[in-house]
Each structure stands twice: as structure tokens, then as C-alpha cells.
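Please read the structure below before turning to the comments.
The values are calculated or read from the model by the stated rules, or taken from the named source; none is laboratory data. All values reported here derive from a predicted model rather than from experimental measurement. FYI the Cβ positions are ideal-geometry reconstructions off the backbone, even for glycines, and counts take in every protein chain you see. Note: areas computed on protein heavy atoms with side chains; ligands, DNA, RNA excluded. Shrake-Rupley method; radii C 1.70, N 1.55, O 1.52, S 1.80 Å.
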Amino acid sequence: MASSSWLSSLRSRSKSLLNSLKLNLTTSRSYPQNPLRNPLSSKPVANGFRYHHSNRPWPSFLLPLALAVSAGSLSLCDSSEFNSRGVSFGGKGSTDYVVKGSHTEVPQELIDELSAICQDHMTMDYDERYFHGKPQNSFHKAVNIPDVVVFPRSEEEVSKIVKACDKHKVPIVPYGGATSIEGHTLSPNGGVCIDMSLMKKVKALHVEDMDVVVEPGIGWIELNEYLEPYGLFFPLDPGPGATIGGMCATRCSGSLAVRYGTMRDNVINLKVVLSDGDVVKTASRARKSAAGYDLTRLLIGSEGTLGVITEVTLRLQKIPQYSVVAMCNFPSIKDAADVAIATMHSGIQVSRVELLDEVQVRAINIANGKNLPETPTLMFEFIGTEAYSREQTQLVQKIVSEHNGSDFVFSEDPEAKKELWQIRKEALWACFAMEPDFEAMITDVCVPLSHLAELISRSKQELDASSLVCTVIAHAGDGNFHTVVLFDPTKEEQRREAERLNHFMVHTALAMEDLFLHTCRYSHPRPSNARLSGRSATKSLGLSRSHPPCHPLPFVLDTENGV
């Protein structure tokens, strides 16, 4: 019944949304240095390796396009202050990076209600509000910050908070692990920030069914530490610090997606608080069902626009018996991409295939004091029995030798393998070793595997010709690659160049037989750029989201899909 009434509510909220989604951006003259630019540890990575040489005014259910929009605010400075400083408000084609917001006071009545609900787990301290309103891993800024930060401890408290905000028409911004690299936790119009970090319990573990029920605030790393004694693990591995709730909201993936799939493949059901405070459960624990709408997958990847996730049931996997990690070098990035494609075509069931260009390897060397060959590099992981893993390693080594590969390196040592993947996970921060005073624009494009080599080659030519320092990192096994473009956000010409490179890669991918983009990651969170496919996907479901008479709440949830 809950599911049916929810869908009826969705259908009833139709008519014009786009006119309410005009979000402008601003730019400022200066920007603080990212506090997370710490050099990585410099333990040697070579130990244990063997070398082989061979040749958001706002509806409840926004389009997923509205990634960083909310309503109602406390302004840090109004528009006139910005304009008096010579700062412009941008539009669709601008490279401005400060998100404009409106000013609406949060009523004292709501603050009193929230205090009664959360008691001591609520703050209006400026430093805490600023921290929650300024993403730690992103160069994006907003003119406003949250008015209140609350820390619910249960689904019941979340429901009461949302109902109170709905009554007073104050926006909410749920907040997860804060690993967003694109400003998704910004509160451009203030409101209430719901920090889910206290909801991190493992509610039930079903070892025989290989599933687990958790609250959204638990991190994937902490969850795997809990599961390890049972011989189980959750196979998705996005950025360090990502939490399960945000991972669901953003349909994250990671380096293991080539073997285990993305978040949509690994979530069995969800419990969600809707914009009026009602709670809906999307499915049972059964692994499949042919009855009715697939509400779970409707919510996964909705970026928090449909509700606040309060419980997740996850599919688990057995910890692999054995694994081998390998690396190899190539004269060109196309050669490396060709090997990734050939490996997938061979039927070898790799668990990871990661590609780094020579600039990214150089960044790793500088940040970690390494001496890795600064050439395009592929990293593989093979899992299974000891014999199977070694056999797959040998087969890939042969493929590498047939595609101009060299210096095939593999390791079975647990510490060496762990350190190698840790370096890969922290690749973004390594980039800042080359340009410590710059910021990073992250791109994210995915095409069918057969087009990967061509897209990366064309993108790489453009990146190399640019005056900016750019690196390439790819989940090469499923056709997905990122670029890290380092630039000074206070310099207009550098912002424009970074934006130009981003546009080039996105439109090159779109031009390839009108392909469907995995994600269009632009320099700021704005509806005109991000998630280009959201509108057509909404129409295909028959679910039009528009401005209802009561102006209910938007939701924006933290992005957890780190590079």
C-alpha cells in the first residue's frame, strides 16, 4: 500500500519543473586551500613484486539533474555584496564556481521543534554549520550555509525532522560521508542539514543468506571490517570515507564494479523517509521479484531527490580465497586501453582493471617518493583459487606482450597488494603534489567498452596540448574514465580552459553513435550540465516531477563516488 500511494503521489506532482530550476552560479576572487592535500605515506611498494619483461523554488521530487539545489536559507552575504566586489553570477555556459542562493529565515518554532526531537544532537554553532556547508573535497562554494545541523539517531527521528521541515517549508540537505568532489553537500539556500553519521548500526547479518541490514551512516570500510570474521565482504569500493547511504543515493561504483557490478546490483531493498515524513520500504529480502515497480532501483542513484535513506539491505560476497595483483607499462594510453578491452574479450574474469596515464604515475611518484616508470600503466587484480589466479595472470601477461606491453609485474604478498590499491585509491590527492596551490576539476565519462580506446586517445591528445596539468584515471574494464584537471579557480582563463576540456570529453563521448553518458561531471553542480539523461529517464518511467501547490521539500544527498 505504501508503495502504491507513493507512486500515486509521484504521478500527481506533474507540470512545469524546469522554470523552477534556474540556478545561477557566482565566482569569487579567492578561494581557500583544500585542507586535505596531505602527502601520502612513503612505504615502499615494490616489496614482494616479481618482474617479467616482455615486449533545486522546489518540488519534492526534483529531477536528478538538480544535484546541489535547496530552498530557504541563512545568507552569509547577499547578492549586492557579491556584485560590489565585481563578482558575476553565471549561467549555463559560465565557469563560475560559487552557487547563488536565496534568503529565508528559519522560524524559531521549527528550531524549537528540532531541539525537542534531537535534544543535544543539534547545533547552530557557526563553525559546525560552515563545515557542513563547505564540502571538504571540492572547490565549490555557496553564498549560504545551513542554519541548523541535526544528528538523528533513528529512523523515527529522521521522519519527525522531515515532517517539521515540511510543515515550515524549510529545505533539508542530508549529509553522509562528505566525500563529494562536486559540491553536492552545499546548502546554497540554507535550511536544515541532516547529518546521518550517528545512524551507523549493523541491524542484522544473515550469514547463510549472504546479506546484511545496515543504517546509512556506516562506511563501506567499517562494514567490511565488521564482516571479515564471517568470511564475507561488501564488494563496492568508492572513495575512502564514503557511507552506504550516500553510495546508494549516487549509485556509486568503484574499481570492483567490473566484477561485482555497481550499487544497483548490490542493494536488495531500502527504507526511505519521503518528503512528508512517511516511511516506505521498497522490497523484501528475497533476491528477486516480478511483482510491481522496482522501487529500489528507482531510488538508487536519485541523488536524494526522492527521499532520505534510513536503512539498506545489501548483498554480500565471500572473501576471495586468493588474489594476485599485476602491473604493466605501455608506450601509449591507447595501447593500454586496447589491452584492457582484449582482456575483457578473452573471458578472463578479472576483479579490477585500472588505467593510469604517465602524468598520474608521476604524481604518485612525487607524493609517495616512488620510482615507478612514468608511462601509461594498467593495474589488474585476479581472484579465486591460487591456481586459478595464477593461471589468469599468465594469460593476461601473454595478452600484454602482444600489445606492446612491458615490465609485467605481479605480487601475491598481502601487504604489497594492499599498499598498491591504497595508492590507487588516493590518486586524486597525489595530484596536488604537482600543483599544491591549485584545485581539481574531476570529469567522469563512460562509454561502451569498444569505444574506450578511441575516446581516451582523443581526450588525451587534447589534455596533453593544454597548458593545465591533467591526469587520466580509468576503470578500464567497464569503459569508464576520469580526468583530474588542476587549475587556479581565481584565474578566469584557467577556469575556462578546464571547462573547455570537460566539454570536449563529454561531447566527444556523446558524438560516438549518440552514446549514453554514465555521468557528466562538470565544474559546478548545476541542472543544465549534470546528469544529462535525467529528464528522459523520468519520462520513460511515466513519473513527471513538477511544482505541486504546497511547494514541498527537495532533497540533496552527499556524493560518495570518489575518484
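Ignoring lysines fewer than eight residues from K491 along the same chain, the ones with Cα atoms less than 27 angstrom from its Cα are K22, K92, K100, K134, K141, K460.
Across all Cα atoms of segment 372-462, the radius of gyration (one decimal) and Dmax (whole number) stand at 16.3, 48 Å.
Pairs from the table (K201/K318; K203/K271; K201/K418) lying more than 24 angstrom apart at Cα are K201/K418.
Note on L510 and S284: the model spin-label points, each 7 Å out from Cα along the C-beta direction, lie 4.4 nm apart. Calculated accessible area for segment 190-319 comes out at 36 Å² per residue, all protein chains present (probe 1.4 Å; ligands, DNA, RNA ignored). Calculate what fraction, in whole %, of the accessible area of segment 317-472 sits on carbon and sulfur atoms when a 1.4 Å probe is rolled over the protein chains. The value for segment 317-472 is 50 percent carbon and sulfur by accessible area.
Per-residue accessible area (protein heavy atoms, 1.4 Å probe) orders K491, K203, K141 as K203, K491, K141, starting from the largest.
For segment 187-256, the equivalent ellipsoid built from the Cα gyration tensor has semi-axes of 25, 14, 10 Å, listed from largest to smallest. A probe of 1.4 angstrom, applied to the heavy atoms of all protein chains, finds Y126 with accessible area near 110 square angstrom. Global size of segment 112-251: 16.1, 51 Å for Rg and Dmax (C-alpha atoms, Rg to one decimal, Dmax whole). If the segment from I319 to V207 were pulled out straight at 0.36 nm per residue, it would be longer than the present Cα-Cα gap by 39.1 nm. A compact globular protein would have a Cα radius of gyration near 2.2 N^0.38 Å; the ratio found for segment 293-382 is 1.55. Each distinct pair of alpha carbons in segment 340-494 adds a 1/r term; the inverse of their mean, the Kirkwood radius, is 16.6 Å. The listed residues S467, S284, S154, once ranked by accessible area (1.4 Å probe) with the largest placed first, stand as S467, S284, S154. Heavy-atom accessible area of W421 with all protein chains present, probe 1.4 Å, nearest 10 Å²? Surface accessible to solvent at W421 totals approximately 20 Å².
For segment 235-339, taking Cα atoms only, Rg and Dmax work out to 17.4, 57 Å respectively. Solvent-accessible surface of protein heavy atoms, probed at 1.4 angstrom with all chains present, puts E354, E156 in the order E156, E354, largest first. Considering only protein heavy atoms and a 1.4 Å probe, what is the carbon-and-sulfur percentage of the accessible area of segment 133-237? After summing per-atom areas, the C and S share lands at 50 percent. Annotation: M263 carries an accessible surface of approximately 0 Å², with a 1.4 Å probe and no ligand, DNA or RNA atoms counted.
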